[in-house]
Amino acid sequence: MDARKKPASVKVHVTTGEGVEITWSDGHRSRYDFPYLREHCPCATCNDEREKEAARKTQGSGGAVLPMFKPRVTAKSAAAVGSYAIQIQFSDGHATGIYSFEHLREICPCEECGREFR
């Protein structure tokens, strides 16, 4: 594993709703709000939905549909998965995504990580 994808510190702020804060072994700090993490869920169901959406857009059937109102997603709970990941139960009932630290570093919202890992 890339040493830059190893966390030195992980804080999950469920009660305040602030999201997840990770300091990586190389000193970089990442902050993820819960809606961002829900949108980037790595589970098979969410990956399949993203692929279907991309296919609809490339086929031209992703027309101008008005978005449905969705309440801001929050976290109900979070737990460590061994020493390699965290799992979050979201307010919309979704809880199957296991966020490996490797995945979290790759989806870090900052520009620097975007250039390095995506």
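A few notes on this one:
- For the range 1-17 versus the range 44-118, the gap between their alpha-carbon centres in whole angstrom: 16
- Equivalent ellipsoid dimensions for the chain as semi-axes, Å, which come from the Cα gyration tensor, largest first: 26, 18, 13
- Sulfur and carbon atoms: percent of accessible area, the range 31-113 [1.4 Å]: 55
- Rounded to the nearest 20 debye, the dipole size of the chain about its Cα centre is 140 debye, using +1 on the Cβ of Lys and Arg and -1 on the Cβ of Asp and Glu.
- Per residue value of the accessible surface for the chain (all protein chains in place, 1.4 Å probe), Å²: 64
- Radius 14 Å from Cβ of R118, net charge of other residues (Lys, Arg +1; Asp, Glu -1): -2
- Each stretch of four or more DSSP H residues adds -39500 (n - 2.57); spread over every residue of the chain, this sum gives -8000 deg cm²/dmol at 222 nm.
The values are calculated or read from the model by the stated rules, or taken from the named source; none is laboratory data. Note that the coordinates shown come from a computational prediction; the quantities given were computed from them, not determined experimentally. FYI the Cβ positions are ideal-geometry reconstructions off the backbone, even for glycines, and counts take in every protein chain you see. Areas reflect the complete protein model, heavy atoms only, side chains present, ligands, DNA and RNA absent. Shrake-Rupley method; radii C 1.70, N 1.55, O 1.52, S 1.80 Å.
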